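Below is one structure; the comments refer to it alone.
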Amino acid sequence: MPSVIAIVIVRPEHLVSVEKRLAETDVVSVISEADLIQFHDMLLMHSAFAATSRGATLIAALKSSPRETGTAIRVFIEDEVKAPLLLAEKDLPPVDALLETSRTLERAGTRQAARFPMDRRPVVVNGDAAQLVDLSVSGAQIQAAVRLRPMKVVRLVIPEGSRDIKMQGTIAWAIAVPLGGSMQYRAGVEFVNPDKERLSDFCERHGTVPDPTTHERRRGDSSIRASRSQGPS
């Protein structure tokens, strides 16, 4: 029987809906914020709970006694009525949907770096082929067949014609994800001194719609770019 790799903490009113959305997997456990929990590879919660005294106590306890393999602490991306976008993402397997509709705790409530989904574009991590899940000017989420460990330095190369984008980063979090009969590793990478201009250009050209918390701020710029590309009316 597979081990639980993710604990999801939701508002009581969303508990049943999220449980139904994740019913197809036995590697995710969904609980209300009022329940007691055990720590696992990934801990997800809504941002309001993270800001409460109970949430802060939980997070502080986890960080003060970290597991050897690390624990990814993440918060949901929510829509305009504060429902987790996980409920709207129906085309992805449950664990992938969790990762792609949430962000790391450190990014919760920030708008500095839009996160662009990258549709599994190729990326090279420490010389090994991997996939780019999403990208911003400050970091990336990747998936690889090789094991990735928190706090380790990695070298990333994003193929880009004759001028590949090369950078270094630190693994902020990593979890193992079952895929068929094998394991894949999903990880968040925080870049060190990245070329933000090139990354921003790459995101705009190759990424899809950035997550909702940043999309509204960037909509004006996108409209300007669209009108320029269409030429005068």
Original post:
Near the amide H of ALA114, under 5 Å away, which other amide H atoms are found, from residues 5 or more places off or on another chain, if H is placed in the peptide plane?
Top reply: VAL137
Original post:
Using modelled amide H (1.01 Å from N, peptide plane; none on Pro or chain starts), what sits under 5 Å from the amide H of GLN184, excluding residues fewer than 5 places away?
Top reply: VAL177, LEU179
**OP:** Round to the nearest 10 and report in Å² the accessible area of ARG115, as given by a 1.4 Å probe over the protein chains' heavy atoms.
**Re:** 10 Å²
**OP:** Leaving ligands, DNA and RNA out of it, rank SER200, SER136 by accessible area with a 1.4 Å probe, largest first.
**Re:** SER200, SER136
Original post:
Rounded to the nearest whole Å², what accessible area per residue is found for region 118-194 with the 1.4 Å probe?
Top reply: 49 Å²
Original post:
Which lysines have a Cα less than 23 Å from the Cα of LYS196, not counting those fewer than 8 places away in the same chain?
Top reply: LYS152, LYS166
Subject >> Heavy-atom accessible area order for LYS196, LYS166, largest first, 1.4 Å probe >> reply: LYS166, LYS196
Subject >> For region 87-100, Karplus couplings with θ = phi - 60° (6.51, -1.76, 1.60), whole Hz, Gly/Pro x >> reply: 5, 9, 8, 9, 8, 10, x, x, 5, 4, 4, 4, 5, 8
Subject >> Solvent exposure ordering (accessible area, 1.4 Å, most first) of MET42, MET183 >> reply: MET183, MET42
**OP:** For ALA72, list long-range residues whose amide hydrogen, built 1.01 Å from N in the peptide plane, is under 5 Å from its own amide hydrogen.
**Re:** MET42, LEU43, ALA174
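The values are calculated or read from the model by the stated rules, or taken from the named source; none is laboratory data. A quick note: this is a predicted structure, and the numbers were derived from the prediction, not measured. Heads up: the accessible areas ignore ligands, DNA and RNA and are worked out on the full protein's heavy atoms, side chains in. Shrake-Rupley method; radii C 1.70, N 1.55, O 1.52, S 1.80 Å.
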